[in-house]
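*Asks:* Sharing a structure with you now.
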Amino acid sequence: MTVRTRFAPSPTGFMHVGGVRTALFAWLWARKHNGQFILRIEDTDKVREVEGSIGHIMESLRWLGIEWDEGPNVDGPHAPYIQSERLPLYRRYADKLLMGGFAYPDPYTEEELEALRQKAEDEKRPFLYREHRPETEMEWDGTTALRFKAPFIKRYTWHDEARGELTAGEEAVDDFILLKADGYPTYNFCHVVDDIEMEVTHVMRGEEFISSTPKFLSLYDALEMKPPVYVTMPSILGPDGHKKLSKRDGAKDILDYKTEGYLPEALMNFLALLGWNPGTDQELFTPTELIEAFDISRIQKSGAMFNDEKLLFMNQQWMRKLSDREFIKKGNLEAADMERLERAIPVIKERAHTFGDAREMITGELSCLFLRPTLDPAVLLAKDPKDPNLGEPSYTQVILTTLAEALESVEMTSVETVKESLMGIADANPKENGGRGAVLWPLRYALSGQERSPDPFSLIYILGKEESILRIEEALGILE
Ligand code: GLU
């Protein structure tokens, strides 16, 4: 049996972590078994539809690398994959149910239905439509809603691959609407038709569908079809570990992560571990490793906590795996001097958790790498060990002159070689003359104009010999 999974979003807005995590698990399972992953758009509720969401869903999945084998744009043997384009199929299934005695036209007006509902509420009973099945059924002319006539009013028990045995009593079985008066099918009906038609073997979705599963099972019974394997996803919890993740906690549009400069591989890695674990300590997984390691038997039952910091940590790990060139390219990084930027990447890699951070650093805390700083003589002299003698150069001036001279012959192959060539001057500076600090402080400040910056050797390596010497000379200039 070929494993066929599907992701069936409704185009009602942007994709958030919950939706994408479901898509990811379904995709991983299909890939693991060399099966197929289907994208199906469930757009039969035209009232809730939000314009542009279909494109948005596809863009989000593509960005993450969750490619579908069948679905909009790629088609496949069961095309079309957009439910509103499949109406004749649902009508055929409705006819089949009608012929088999498993459907009937809804004889009630909205008001009558409301009155029945109200009565049940007044009597503190759950409202069950099936208790009001009409005694004589009208002929269905296609202008009224068509209801399902549940064949077995019984307790259903089924196996969920993630939750184990689940069960619900007969109150969970009812005569739900198959087709609405406008001819559009309900979700309850058409997703079952499509899962059958598209030969879906595993249905993965959120726990909000558990309570309706008996309805779906009774439809499978009426159609004499075998239901798919159900796999319920754990819910995603906010940082308090109790409440479901809300927008405030970070349940944002997946494409916002793209804008903020997260790597899709990192987000995929993070989402995979939201409710699944490999059973080992491994945390970082490439998509290929995920496909290999993923197993629905290790999907947890309880909610998975969304931890922003872990996502940032993972993203940083993934960013660090990139070569410096790739880092610039993937991060769309730009600076006035691209060669200097490339040399600065190790420093950025150390600090940035997202490419958004990296971009901010280039124009913010690391802007001194690209723009010559304005220096404050008082700060430059902050670690000068001696009182100035009128007419004589300060100790800092002497030090900076020595450094500028030494720099001429420094080996610029790496930060390490720069450090090896210059550290000796700092080490040799006697304690009574301020030790290393009296050398490294003015050097670093002359180069960066900042009280906090990367170390001076990294600065020299990034700026290059010529620019470094120039900056030191400028610093000497303001001390004259
Ligand atoms: N269209 C449903 C939703 O977006 C899909 C549920 C399912 O996977 O069956 O919630």
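*Asks:* Tally time: how many residues in the range 187-219 are away from the ligand (no atom under 13 Å from the Cβ), open to solvent by less than 10 Å² (accessible area, probe 1.4 Å) and out of contact with any helix residue (DSSP H, G or I) (no Cβ under 6 Å at 6 or more places or on another chain)?
*Replies:* Of the residues in the range 187-219, 1 are away from the ligand (no atom under 13 Å from the Cβ), open to solvent by less than 10 Å² (accessible area, probe 1.4 Å) and out of contact with any helix residue (DSSP H, G or I) (no Cβ under 6 Å at 6 or more places or on another chain).
*Asks:* Still on this structure, I have one more. From Ala94, Ala120, grab the single residue that is of a type in the set (Gly, Ala, Ser), within 24 Å of Asp43 (Cβ to Cβ) and either outside any loop (DSSP other than H, G, I, E, B) or in contact with a Gly (Cβ under 6 Å, 6 or more places away or on another chain) (or both).
*Replies:* Ala94
*Asks:* Please list, ordered by first then second residue, the pairs with beta carbon atoms under 7 Å, 6 or more apart or interchain, first in the range 396-420 and part of a loop (DSSP other than H, G, I, E, B), second surrounded by 19 or more Cβ atoms within 10 Å (Cβ to Cβ).
*Replies:* Val410/Val418; Val410/Leu422; Met412/Val418; Met412/Tyr461; Ser414/Tyr461
*Asks:* Determine whether the range 220-242 contains at least one residue that is within 14 Å of the ligand (Cβ to nearest atom), open to solvent by 10 Å² or more (accessible area, probe 1.4 Å), within 16 Å of the chain's Cα centre (by Cα) and within 19 Å of Gly19 (Cα to Cα).
*Replies:* yes
*Asks:* Kindly provide the set of residues from the range 325-348 that are without any contact (Cβ under 8 Å) to a residue 60 or more places away in the chain and open to solvent by less than 30 Å² (accessible area, probe 1.4 Å), ordered by number.
*Replies:* Phe327, Ile328, Leu333, Ala335, Leu341, Ile345, Ile348
*Asks:* Of everything in the range 1-16 that's hydroxyl-bearing (Ser, Thr, Tyr) and buried (at least 16 other Cβ atoms within 10 Å of the Cβ), which residue is farthest from the ligand (Cβ to nearest atom)?
*Replies:* Restricting to residues being hydroxyl-bearing (Ser, Thr, Tyr) and buried (at least 16 other Cβ atoms within 10 Å of the Cβ), the top hit is Thr5.
*Asks:* Do we find that Leu322 is out of contact with any strand residue (DSSP E or B) (no Cβ under 6 Å at 6 or more places or on another chain), surrounded by fewer than 15 Cβ atoms within 10 Å (Cβ to Cβ) and in a loop (DSSP other than H, G, I, E, B) in this structure?
*Replies:* So Leu322 does not fit the description; no.
*Asks:* Can you find, within the range 36-59, the residue that is least open to solvent (accessible area, probe 1.4 Å) among those that are of a type in the set (Gly, Ala, Ser) and free of Cβ contacts under 8 Å to residues at least 40 places away in the same chain?
*Replies:* Gly55
*Asks:* Do we find a residue being over 24 Å from His78 (Cβ atoms) and out of contact with any strand residue (DSSP E or B) (no Cβ under 9 Å at 6 or more places or on another chain) anywhere in the range 183-194?
*Replies:* Scanning the range 183-194 turns up no residue that is over 24 Å from His78 (Cβ atoms) and out of contact with any strand residue (DSSP E or B) (no Cβ under 9 Å at 6 or more places or on another chain).
*Asks:* Cβ-Cβ below 8 Å, separation at least six or inter-chain, first residue in the range 205-217 and within 20 Å of Ser302 (Cα to Cα), second modelled with pLDDT of 95 or more and within 9 Å of the ligand (Cβ to nearest atom): which pairs?
*Replies:* Arg205/Ala8; Arg205/Thr22; Gly206/Thr22
*Asks:* OK, next. Arg298: within 26 Å of Thr22 (Cβ to Cβ) and either open to solvent by 80 Å² or more (accessible area, probe 1.4 Å) or among the hydroxyl-bearing types (Ser, Thr, Tyr) (or both), yes or no?
*Replies:* yes
*Asks:* Which residues, counting only those in the range 425-480, are of a type in the set (D, E, K, R) and part of a helix (DSSP H, G or I)?
*Replies:* Asp427, Lys431, Glu432, Arg444, Lys465, Glu466, Glu467, Arg471, Glu473, Glu474
*Asks:* So is Arg62 surrounded by fewer than 17 Cβ atoms within 10 Å (Cβ to Cβ) and within 14 Å of the ligand (Cβ to nearest atom) or not?
*Replies:* no
*Asks:* Which condition breaks for Ala181 when tested against (1) open to solvent by 20 Å² or more (accessible area, probe 1.4 Å); (2) of a type outside the set (S, T, N, Q); (3) within 12 Å of the ligand (Cβ to nearest atom)?
*Replies:* Status for Ala181: all satisfied but (3).
*Asks:* Could you list all residues from the range 24-35 that are more than 10 Å from the ligand (Cβ to nearest atom) and buried (at least 22 other Cβ atoms within 10 Å of the Cβ)?
*Replies:* Leu24, Phe25, Trp27, Leu28, Trp29, Ala30, Arg31 - these are the residues of the range 24-35 that are more than 10 Å from the ligand (Cβ to nearest atom) and buried (at least 22 other Cβ atoms within 10 Å of the Cβ).
*Asks:* Only one of these conditions is not met by Leu271: (1) of a type in the set (A, V, I, L, M, F, W, C); (2) touching a Gly at 6+ places or on another chain (Cβ under 7 Å); (3) open to solvent by less than 20 Å² (accessible area, probe 1.4 Å). Which number is it?
*Replies:* Failing condition for Leu271: (2).
*Asks:* Now for a separate question. Inside the range 133-151, can you point out the residues that are of a type outside the set (S, T, N, Q), at pLDDT below 95 and surrounded by 13 or more Cβ atoms within 10 Å (Cβ to Cβ)?
*Replies:* Arg133, Glu137, Trp140
*Asks:* Report every pair of residues separated by at least 6 positions or lying on different chains whose Cβ atoms are under 8 Å apart, first residue within the range 188-201 and over 18 Å from Gly35 (Cα atoms), second polar (S, T, N, Q) and buried (at least 19 other Cβ atoms within 10 Å of the Cβ).
*Replies:* If the second residue must be polar (S, T, N, Q) and buried (at least 19 other Cβ atoms within 10 Å of the Cβ), the pairs left are Cys190/Thr44; Cys190/Gln83.
*Asks:* Which numbered condition trips up Ala358, out of (1) more than 32 Å from the chain's Cα centre (by Cα); (2) open to solvent by less than 20 Å² (accessible area, probe 1.4 Å)?
*Replies:* (1)
*Asks:* With respect to Lys310, is the statement that it is within 20 Å of the chain's Cα centre (by Cα) and surrounded by fewer than 19 Cβ atoms within 10 Å (Cβ to Cβ) true? Steps first, please.
*Replies:* Values: within 20 Å of the chain's Cα centre (by Cα): yes; surrounded by fewer than 19 Cβ atoms within 10 Å (Cβ to Cβ): yes.
Considered against the rule, which asks whether it is within 20 Å of the chain's Cα centre (by Cα) and surrounded by fewer than 19 Cβ atoms within 10 Å (Cβ to Cβ), Lys310 comes out as yes.
*Asks:* Also: Checking Asp256 against (1) charged (D, E, K, R); (2) away from the ligand (no atom under 16 Å from the Cβ); (3) in contact with a helix residue (DSSP H, G or I) (Cβ under 9 Å, 6 or more places away or on another chain); (4) part of a helix (DSSP H, G or I), which test does it fail?
*Replies:* (3)
*Asks:* Here is a follow-up. Between Phe209, Phe152, Phe127, which is in contact with a Ser or Thr (Cβ under 9 Å, 6 or more places away or on another chain) and assigned to a loop (DSSP other than H, G, I, E, B)? Give the derivation first.
*Replies:* Numbers: Phe209 fails: assigned to a loop (DSSP other than H, G, I, E, B); Phe127 fails: in contact with a Ser or Thr (Cβ under 9 Å, 6 or more places away or on another chain).
Every option except Phe152 fails the conditions.
*Asks:* Sort through Pro107, Pro77 and tell me the only one that's modelled with pLDDT of 95 or more and open to solvent by 20 Å² or more (accessible area, probe 1.4 Å).
*Replies:* Answer to the check: Pro77.
The values are calculated or read from the model by the stated rules, or taken from the named source; none is laboratory data. These numbers were taken from a predicted model, which means no experiment stands behind them. Every residue, glycine as well, gets a Cβ built from its backbone with ideal geometry; the counts of neighbours run over all protein chains shown. Please note that ligands, DNA and RNA were not included when accessible areas were found on the heavy atoms of the full protein model with its side chains. Shrake-Rupley method; radii C 1.70, N 1.55, O 1.52, S 1.80 Å.
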